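The values are calculated or read from the model by the stated rules, or taken from the named source; none is laboratory data. Just so it is clear, the model here is predicted, and its values are computed rather than measured. Don't worry about glycine lacking a Cβ; one is built from the backbone with ideal geometry, like all the others, and counts go over all protein chains shown. Side chains included, ligands, DNA and RNA excluded: accessible areas come from the protein's heavy atoms. Shrake-Rupley method; radii C 1.70, N 1.55, O 1.52, S 1.80 Å.
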Amino acid sequence: QVQLVESGGGLVQPGGSLRLSCAASGSIANINVMGWYRQAPGNERELVARIFNGGNSTNYADSVKGRFTISRDNAKNTVYLQMNSLKPEDTAVYYCKGVSNTEYWGQGTQVTVSS
(Lines give C-alpha, C1' and ligand atoms only; values in the text may rest on other atoms or scores of the structure.)
Protein backbone atom coordinates (compact mmCIF):
# COMPACT_ATOMS: atom_id res chain seq x y z
CA GLN A 1 0.00 0.00 0.00
CA VAL A 2 1.48 3.31 -1.09
CA GLN A 3 0.82 6.38 1.02
CA LEU A 4 0.90 9.85 -0.51
CA VAL A 5 1.81 12.98 1.44
CA GLU A 6 1.36 16.43 -0.03
CA SER A 7 3.32 19.50 1.02
CA GLY A 8 4.06 23.01 -0.19
CA GLY A 9 0.68 24.65 0.27
CA GLY A 10 0.21 27.99 1.95
CA LEU A 11 -0.93 31.57 1.57
CA VAL A 12 0.22 33.48 -1.49
CA GLN A 13 -0.73 36.76 -3.11
CA PRO A 14 -2.41 36.86 -6.52
CA GLY A 15 0.19 36.53 -9.23
CA GLY A 16 2.49 34.55 -6.98
CA SER A 17 3.84 31.02 -7.26
CA LEU A 18 3.86 27.83 -5.23
CA ARG A 19 5.27 24.38 -5.82
CA LEU A 20 3.38 21.44 -4.39
CA SER A 21 5.09 18.12 -3.76
CA CYS A 22 3.53 14.69 -3.39
CA ALA A 23 5.89 12.21 -1.76
CA ALA A 24 5.05 8.51 -1.94
CA SER A 25 6.01 6.00 0.74
CA GLY A 26 6.85 3.48 -1.95
CA SER A 27 7.75 3.32 -5.59
CA ILE A 28 5.59 5.20 -8.05
CA ALA A 29 7.33 3.63 -11.02
CA ASN A 30 4.44 1.20 -11.45
CA ILE A 31 1.71 3.75 -10.83
CA ASN A 32 0.39 4.51 -14.28
CA VAL A 33 -1.15 7.89 -13.62
CA MET A 34 -0.30 10.48 -11.01
CA GLY A 35 -2.48 13.54 -10.70
CA TRP A 36 -3.41 16.61 -8.75
CA TYR A 37 -7.00 17.41 -7.87
CA ARG A 38 -8.50 20.28 -5.92
CA GLN A 39 -11.64 21.00 -3.98
CA ALA A 40 -12.89 24.42 -3.01
CA PRO A 41 -15.59 24.89 -0.36
CA GLY A 42 -19.00 24.03 -1.76
CA ASN A 43 -17.51 22.58 -4.94
CA GLU A 44 -16.84 19.06 -6.11
CA ARG A 45 -13.31 17.76 -6.36
CA GLU A 46 -11.90 18.45 -9.82
CA LEU A 47 -8.93 17.34 -11.86
CA VAL A 48 -6.17 19.92 -12.10
CA ALA A 49 -3.46 17.99 -13.92
CA ARG A 50 -2.25 14.44 -14.43
CA ILE A 51 0.84 12.81 -15.81
CA PHE A 52 1.18 9.36 -17.31
CA ASN A 53 4.05 6.99 -16.74
CA GLY A 54 6.36 6.04 -19.55
CA GLY A 55 6.09 8.84 -22.06
CA ASN A 56 5.14 11.40 -19.40
CA SER A 57 2.23 12.79 -21.37
CA THR A 58 0.12 15.26 -19.43
CA ASN A 59 -3.42 16.63 -19.21
CA TYR A 60 -4.48 19.93 -17.67
CA ALA A 61 -7.75 21.55 -16.75
CA ASP A 62 -8.47 24.46 -19.08
CA SER A 63 -8.46 26.84 -16.12
CA VAL A 64 -4.79 26.13 -15.34
CA LYS A 65 -3.28 25.58 -18.78
CA GLY A 66 -0.23 27.75 -19.31
CA ARG A 67 0.09 28.48 -15.58
CA PHE A 68 0.57 25.09 -13.90
CA THR A 69 3.07 22.37 -14.72
CA ILE A 70 2.97 18.80 -13.42
CA SER A 71 6.06 16.63 -13.32
CA ARG A 72 7.11 13.36 -11.77
CA ASP A 73 10.45 12.03 -10.56
CA ASN A 74 10.17 8.25 -10.28
CA ALA A 75 13.63 8.01 -8.75
CA LYS A 76 12.49 10.23 -5.87
CA ASN A 77 8.95 8.80 -5.80
CA THR A 78 7.64 12.33 -5.97
CA VAL A 79 5.20 14.27 -8.11
CA TYR A 80 5.26 18.05 -8.34
CA LEU A 81 2.83 20.77 -9.31
CA GLN A 82 4.42 24.09 -10.16
CA MET A 83 1.77 26.79 -9.93
CA ASN A 84 2.48 30.23 -11.39
CA SER A 85 0.34 33.33 -11.87
CA LEU A 86 -1.96 32.18 -9.10
CA LYS A 87 -5.48 33.58 -8.92
CA PRO A 88 -7.95 33.80 -6.03
CA GLU A 89 -10.06 31.17 -7.77
CA ASP A 90 -7.18 28.70 -7.39
CA THR A 91 -7.87 28.67 -3.65
CA ALA A 92 -8.68 25.10 -2.63
CA VAL A 93 -7.40 22.00 -0.91
CA TYR A 94 -5.09 20.24 -3.35
CA TYR A 95 -4.93 16.45 -3.35
CA CYS A 96 -2.48 14.05 -4.92
CA LYS A 97 -3.84 10.88 -6.52
CA GLY A 98 -2.21 7.80 -7.96
CA VAL A 99 -3.95 5.24 -10.14
CA SER A 100 -2.71 1.78 -10.99
CA ASN A 101 -4.73 -1.33 -10.10
CA THR A 102 -6.14 0.75 -7.27
CA GLU A 103 -6.38 4.38 -6.29
CA TYR A 104 -4.25 6.22 -3.77
CA TRP A 105 -5.09 9.60 -2.28
CA GLY A 106 -3.15 11.97 -0.11
CA GLN A 107 -4.62 13.95 2.76
CA GLY A 108 -4.49 17.28 0.94
CA THR A 109 -2.71 20.60 1.34
CA GLN A 110 -4.41 23.99 1.56
CA VAL A 111 -3.62 26.64 -1.04
CA THR A 112 -4.99 30.12 -0.39
CA VAL A 113 -4.54 32.92 -2.91
CA SER A 114 -5.42 36.24 -1.38
CA SER A 115 -4.12 39.76 -0.95
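Residues of the stretch 8-23 being open to solvent by 60 Å² or more (accessible area, probe 1.4 Å) and either within 17 Å of ARG50 (Cβ to Cβ) or assigned to a strand (DSSP E or B) (or both), which ones?
LEU11, ARG19 - these are the residues of the stretch 8-23 that are open to solvent by 60 Å² or more (accessible area, probe 1.4 Å) and either within 17 Å of ARG50 (Cβ to Cβ) or assigned to a strand (DSSP E or B) (or both).
Checking the conditions here, which among GLU89, GLU44 is open to solvent by 30 Å² or more (accessible area, probe 1.4 Å), at pLDDT 95 or above and either under 11 Å from the mean Cα position of the chain (by Cα) or over 16 Å from LEU11 (Cα atoms) (or both)?
GLU44
Can you name every residue in the stretch 68-86 that is open to solvent by 10 Å² or more (accessible area, probe 1.4 Å), within 14 Å of VAL5 (Cβ to Cβ) and assigned to a strand (DSSP E or B)?
THR78, TYR80 - these are the residues of the stretch 68-86 that are open to solvent by 10 Å² or more (accessible area, probe 1.4 Å), within 14 Å of VAL5 (Cβ to Cβ) and assigned to a strand (DSSP E or B).
Quick one: which residue in GLY35, GLY26 is open to solvent by less than 60 Å² (accessible area, probe 1.4 Å), within 15 Å of TYR104 (Cα to Cα), in a loop (DSSP other than H, G, I, E, B) and out of contact with any Ser or Thr (no Cβ under 9 Å at 6 or more places or on another chain)? Full working, then the answer.
Working: GLY35 fails: in a loop (DSSP other than H, G, I, E, B).
Result of the check over GLY35, GLY26: GLY26.
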